[in-house]
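The values are calculated or read from the model by the stated rules, or taken from the named source; none is laboratory data. Quick caveat: nothing in here was measured; it's all calculated off a predicted structure. Cβ placement follows ideal geometry from the backbone for every residue including glycine, while neighbour counts extend to all protein chains displayed. The accessibility values were calculated without ligands, DNA or RNA, using every heavy atom of the protein model including side chains. Shrake-Rupley method; radii C 1.70, N 1.55, O 1.52, S 1.80 Å.
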Amino acid sequence: MKIIMLGAPGAGKGTQAKMIADQYKIPHVSTGDIFRANIKNGTELGMEAKKYMDQGLLVPDELTVKILLDRVAKEDCKNGYVLDGFPRTIPQAEVLDKALCEIGDQIDYAIDVDVPDENIVKRMGGRRACVGCGATYHIEHIPPKKEGICDTCGMELILRDDDKPETVQNRLSVYHNQTQPLIDFYEKKGILRTVDGTQDMKDVFDAIVKILS
Ligand code: AP5
Ligand code: MG
């Protein structure tokens, strides 16, 4: 099964993608996580991506597409995957379609996790990310057992640089201008499914499972 998660920054794509990946035993592929891992390791790609990410802008398609296509060509993706944060522009979606078409394949579902902008800004301020393993928490909705410390690896939890309020506003306008058109794109293909992302995480997940089964 090949799934795309759509939705504004902070809509809960990553949270749901992780749950889908666990349930259906397919890899969770997040371009944002790949970039953050590269930044952490100080790679050239990481340094380049950081320039854009810190401003809430999209990393150029040329860089992003190559990384994604390399990742989904790996052995563990042959039975499917859940894409989180890709595609984010029409050209990215077209490149993905073309690459899949060449191997006689296609995306099964594009799931839009729908959350209004007002809710987003509130959520992002409460998100905390682990500097070690990248696990995500929320100070109200998913607090770690010990404040500021990751339950999984024991490393420090921080507010992502791009979760600062000014940057969140930029990310939202980039989303509306460049990513939202993908909703129409996948609607036209007949594979768009929308879930109400303002519900409790568990209810959002139940709605997704219903779609997938
Ligand atoms: P990326 O990492 O993809 O960030 P994003 O899309 O901005 O989305 P987030 O990860 O912030 O949100 P999410 O929807 O995953 O929400 P989450 O589940 O964490 O990208 C970062 C940057 O990388 C981009 O800005 C861009 O620069 C670059 N980039 C990445 N991909 C790219 C691409 N394809 N092309 C170009 N550039 C690219 O949830 C958010 C918070 O809410 C969490 O704290 C969570 O616990 C909480 N939460 C989740 N669900 C619920 C719920 N139902 N109720 C209450 N709280 C909830
Ligand atoms: Mg995410």
- Task: Give, in whole angstrom and from largest to smallest, the semi-axes √(5λ) of the equivalent ellipsoid of the stretch 101-178, with λ running over the eigenvalues of the Cα gyration tensor.
- Result: 28, 20, 12
- So which of Lys13/Lys202; Lys98/Lys188; Lys50/Lys78 end up more than 19 Å apart by C-alpha? Lys50/Lys78
- Item | Contact order relative to length of the chain, as percent, for alpha carbon pairs under 8 angstrom and 6 or more apart | 29 percent
- Query: If we count GluC sites (Glu not before Pro) as exposed when they sit in a DSSP loop and have at most 11 other beta carbons within 10 Å, what is the longest stretch of the chain that avoids them all?
  - Reply: 1-139
- Using only the Cα atoms of the chain, what do you get for the radius of gyration and for Dmax, in Å? 16.4, 49
- Please work out the average accessible area per residue across the chain, using the 1.4 Å probe convention, and give it in Å². 53 Å²
- Query: Spin-label point model (7 Å from Cα, Cβ direction): what's the Lys66 to Lys202 distance in nm?
  - Reply: 4.5 nm
- Query: So what J values fall out for the stretch 185-196 if you push phi through Karplus, 6.51 cos²θ - 1.76 cosθ + 1.60 with θ = phi - 60°, rounded to Hz, Gly and Pro as x?
  - Reply: 4, 7, 4, 4, 7, x, 10, 7, 10, 10, 10, 7
- Message: Can you show me the helix-derived [θ] at 222 nm for the chain, built from DSSP H runs with n ≥ 4 at -39,500 (n - 2.57) apiece and divided by the number of residues, rounded to the nearest 500.
- Response: -14000 deg cm²/dmol
- Across the alpha-carbon set of the stretch 32-130, Rg over Rh with Rh taken as the Kirkwood radius works out to 0.99
- Considering only protein heavy atoms and a 1.4 Å probe, what is the carbon-and-sulfur percentage of the accessible area of the chain? 52 percent
- In whole angstrom, how far apart do the alpha carbon centroids of the stretch 1-48 and the stretch 180-198 sit? 19 Å
